[in-house]
1. Which lysines have a Cα less than 23 Å from the Cα of Lys11, not counting those fewer than 8 places away in the same chain?
2. Once you place label points 7 Å from the Cα toward the Cβ at Asp71 and Trp117, how far apart are they in nm?
3. Quick one: Debye curve from the alpha-carbon atoms of the chain only, equal weights, vacuum; give me log10 I(q)/I(0) at q = 0.18, 0.19 Å⁻¹ to two decimals.
4. Distance in nm between label sites at Asp89 and Asp193, each 7 Å beyond Cα in the beta-carbon direction?
5. Over all pairs of distinct alpha carbons, what does the Kirkwood formula give as the hydrodynamic radius of segment 45-155, in Å?
6. Put +1 on the Cβ of every Lys and Arg and -1 on every Asp and Glu Cβ in the chain; which of Gly166, Asn156, Val50 then has its Cα farthest towards the positive end of the dipole?
7. Could you calculate the FRET efficiency of Ala79 with Phe159 from 1/(1 + (r/R0)^6), where r is the beta carbon distance between them and R0 is 30 Å, rounded to 0.05?
8. For helix 87-104, report the angle its Cα long axis makes with the longest principal axis of the Cα atoms of the chain; keep it between 0 and 90° and round to the nearest 10°.
Amino acid sequence: MGIIKGKGRAKSEATRQALLSAAVKVIGTKGYTAATVDTIAEEAGVSKGVVYYYFKTKADIATQVLLAVLDQLIARFEADVDTAQSPHDAMSAIIHDFARSIFDNREAARFVLNELWRQDRLWSDEMRTAEERLSVIIVGLLRRGIEEGSVRADLNLEFTAAAVTGTVLMTAQYYLLRNESPDVNVFSQLCIDHIEHAVQLR
């Protein structure tokens, strides 16, 4: 009996993940306003009723998509910090993973970029919380760099953390808006060189 229930839970979770993947594709391509529950259901290959079984509204779907994308990204950044030998290595790994995540998941990246600075969405608070989590990681790296003498001591750490994130996002948006795919290694190094010059990270 337990095995049967376990299979049922696994199938249910697979369906939920399929719906989230479909929502990423539809919303990332059409934008949140133009996307509909019908098109998400069609993309997932299920009925509209199935969508509403798992999610209350389109906004609920969007919120869960954003949280899943951002949680995965921040978890990867935390792993980079844990395994790196120096602030420079950690920052380089974070920027590379940031770029790889953006260009490997273009629809999700477009959705996050479109919503990142909005203030009027139901999920705005969740977005701010994710930004704060990311800022804490980068501020920690910069503070460690200052202690080790590899980062300028006169930096406003919170502002610099926002500038680091903005550098990657705005550079990525340049390519996303043109539907171009840069060499991720070249893209990452461009961002790293710019940031290193600004904060003297070495």
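1. Lys25, Lys48, Lys56, Lys58
2. Computed distance between label sites Asp71 and Trp117 equals 2.8 nm.
3. Values, matching the q order: -1.20, -1.29.
4. 2.4 nm
5. 15.9 Å
6. So the residue furthest toward the plus end is Val50.
7. Efficiency computed from Cβ-Cβ geometry: 0.70.
8. 30 degrees
The values are calculated or read from the model by the stated rules, or taken from the named source; none is laboratory data. Note that the structure is predicted; figures quoted are calculated from it, not measured. Ideal geometry is used to build each Cβ from the backbone, glycine not excepted, and the neighbour counts take in all protein chains shown. These accessible areas exclude ligands, DNA and RNA; they are computed on the full protein's heavy atoms, side chains included. Shrake-Rupley method; radii C 1.70, N 1.55, O 1.52, S 1.80 Å.
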